[in-house]
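A short write-up of the structure that comes next.
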Amino acid sequence: MNIRFFSIFIFLIFNLNTDEAAAADASSSSSSCPINFDYVGTLPWDASLCRDPIQTGCCQTLRSLFGVGLAQYLNQTSRFYLPTAATSSSCIAQFEQRISSMSITRSLLPLCFNDTAEFVNTNASTTCAGITTVRDWTRKADQAALLHLESACNGDLTGLTLCSMCLDAGMKLSSYLVSLHPNSTKCFYFTVLYAAGVVNDFGPDDVRSAACIFGLPLSRSAHSRSGPSNHRTRRFIFGFCGGLVGISGFVILFFVYRKWDRKKKQEIVHKNYVASVKSIVLPNIGAKFFELRDLEQATEKFAKKNLIGQGGFGVVYKGTLPDNTQVAVKQIFETDSAESDDDFINEALIISRIRHRNLLPLRGFCVASDRFHGKRRFLVYDFMPNGSLNDHIFNSNDDDNNDNRLSWPQRKNIILDIAKGLAYLHYGIKPTIYHRDIKATNILLDAEMKARVADFGLAKQNLEGQSHLTTRVAGTHGYLAPEYALYGQLTEKSDVYSFGILILEIMSGRRVLDASKSERILITDWAWELVKGGNVEEVFHGCIRREGPKGVMERFVRVGILCAHVMVALRPTIEDALRMLEGDIDIPRLPDRPLPLAQQGLQMQFSCYSYSTGASEGSRVAWSYTS
């Protein structure tokens, strides 16, 4: 294996951007360069490659030489990027000045460094799994692969064997990081900088580490620095090496076979995983199994331009099937835990059983596994062109002329649609399904602005005869019912509480938690105070106060307050709540809210349960489609 593999990868990664740009002049830079390029004159690198006639390896050599300085910068600052574009321009200009003193023409720099901003963090989400610092690196890297790299790339890497071991460790760690974020482009580049700047004891500017890790070509004089050798010594060395040929051949064959055998066993494990998931899911659902190549074709290989949502548990891409049907492809973030597999299978099985006009249907699923990317899991849904409810009730509050703002009839119909979808989950199928994560980001709107309840990743089934489930608390802070947040007791009234919060958000355009003041104010407490004071109209969003009948709009607000009551016994069922909203039954007198208990329940939601990662309002998976 050629010890210059590392530099080839650096060259490929650095040259992803092919736009022409001139190298910056040091005098025009507004920020000084933090890198000391004195090593350019002390490292015995082969400068003849960049002298007339210029050879093909010149740019690769110069970029590897510049990488030594970046590794030094990483060691000193723990940062993989230079701070600003101006700093990057200054560094390239100083580097240019150093190599020009070695009879190398300056005109090479614009050719070899065609984008001065490539060393600056312009898009951390795609360069390498969002990593920008060594702290990010150690937190996101696979610990076993990281330990392997730190062991293999430390010390003297002179010789093919030691250098190859370091390269193999770097490839494995880089592949793992790319699997975390398929759009990553610089993970191997980061691996090289980390190995040279942090791991290796000799440092990046030592000839032993620079020659292996960066693949820096050495001058002929450097190769001969090991000292004089006489004819007798050479004969002994050649004779000894010749005697080892037979043994070495056997050893090489043994390791080649073992690597081949390990690869075949890994392929069997990956195939068995895919087959096992398909055997569990397919017989129990009517959805289609998509091959990975079908989804890659539909999403243009998961192109960034098709990314329409991202959260703590996965990403969502817009795709187009061969029959021109638009779909949303949800890719679950990869983890190796059995619990993650169970959650994926649970979501696929639950969604496949439900068929209702107000629930988002599952079109199909996909599982794939290989030694490069690991496990990959996808759920395929119908695409909702009007995005999520969150986009319409919060993003246009300050602009009454915004085309996305919802009218009163639309808000009314959306609330009724959500209630009907929940009523089906609670009473329309057996066993009952508790959604556990009702909120604006999980309500999608189709082409006719009909609401669809989506994202069943946290859904739980309740066996017949059970009054409640005691389970690990999960969901979104602010939307959790107090008895669930405090004690893990899950009932149908838990979804009703979240639904009540959502009604008030839709009616007012106000988020569940108002953080604009020094203390957080729960939307139910705010609405209750206004209703109790006879100022219910102040709850209505400004754009609908003049649109709808005040009595009907007040009824919706009162139902929202009642559904989100702290006391579980005082909340209606979702069926009764729907009948109240439609005016079929009267709303009982609103009982007082025990504010201390409400505040305590809210405080417990922030301290006693497993938070979900996501958008600022706590969304667990960002299902925010764009039209």
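Mind listing whichever residues of the range 329-354 are within 22 Å of Asp294 (Cα to Cα), modelled with pLDDT of 75 or more and β-branched (Val, Ile, Thr)?
If the condition is that a residue be within 22 Å of Asp294 (Cα to Cα), modelled with pLDDT of 75 or more and β-branched (Val, Ile, Thr), then Val329, Ile332, Ile351 are the ones that fit.
Only one of Ile104, Ile131 is of a type in the set (A, V, I, L, M, F, W, C), farther than 20 Å from Ser209 by Cβ and modelled with pLDDT of 85 or more; which?
Residue meeting the stated conditions: Ile131.
Anything in the range 418-452 that is under 16 Å from Ile350 (Cα atoms) and in a strand (DSSP E or B)? List them, or say none.
Hits for the range 418-452 are Thr432, Ile433, Tyr434, Arg452.
Pro572 passes all but one of (1) at pLDDT 90 or above; (2) not assigned by TED's automatic domain parsing to the domain that holds Ile501; which number fails?
(2)
With (1) modelled with pLDDT of 85 or more; (2) farther than 18 Å from Pro217 by Cα; (3) touching a Leu at 6+ places or on another chain (Cβ under 7 Å) as the list, and Arg79 as the residue in question, which single condition is left unmet?
Among (1) modelled with pLDDT of 85 or more; (2) farther than 18 Å from Pro217 by Cα; (3) touching a Leu at 6+ places or on another chain (Cβ under 7 Å), the lone unmet condition for Arg79 is (3).
Conditions (1) assigned by TED's automatic domain parsing to the domain that holds Val512; (2) closer than 24 Å to Ile501 by Cβ; (3) modelled with pLDDT of 90 or more, marked per residue:
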residue	(1), (2), (3)
His356	no, yes, yes
Leu362	no, no, no
Gly374	no, no, no
Leu379	no, no, no
Ile393	yes, yes, yes
Asp403	yes, no, no
Leu406	yes, yes, yes
Lys412	yes, yes, yes
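Restricting attention to the range 343-364, and to residues there that are among the small types (Gly, Ala, Ser) and in a helix (DSSP H, G or I), which single residue is surrounded by the most Cβ atoms within 10 Å (Cβ to Cβ)?
Ranking the candidates gives Ala348 first.
Is one or more of the residues making up the range 453-463 more than 29 Å from Gln310 (Cα to Cα), surrounded by fewer than 19 Cβ atoms within 10 Å (Cβ to Cβ) and either modelled with pLDDT under 85 or of a type in the set (Gly, Ala, Ser) (or both)?
Keep residues of the range 453-463 that are more than 29 Å from Gln310 (Cα to Cα), which gives 462-463.
Among the residues that remain, those that are also surrounded by fewer than 19 Cβ atoms within 10 Å (Cβ to Cβ) are: 462-463.
Checking the rest, the ones that are also either modelled with pLDDT under 85 or of a type in the set (Gly, Ala, Ser) (or both) come to 462-463.
Yes, some residue in the range 453-463 is more than 29 Å from Gln310 (Cα to Cα), surrounded by fewer than 19 Cβ atoms within 10 Å (Cβ to Cβ) and either modelled with pLDDT under 85 or of a type in the set (Gly, Ala, Ser) (or both).
The values are calculated or read from the model by the stated rules, or taken from the named source; none is laboratory data. These figures come from a predicted structure and were not determined experimentally. Cβ coordinates were reconstructed from backbone atoms using ideal geometry, including for glycine residues, and neighbour counts include every protein chain displayed.
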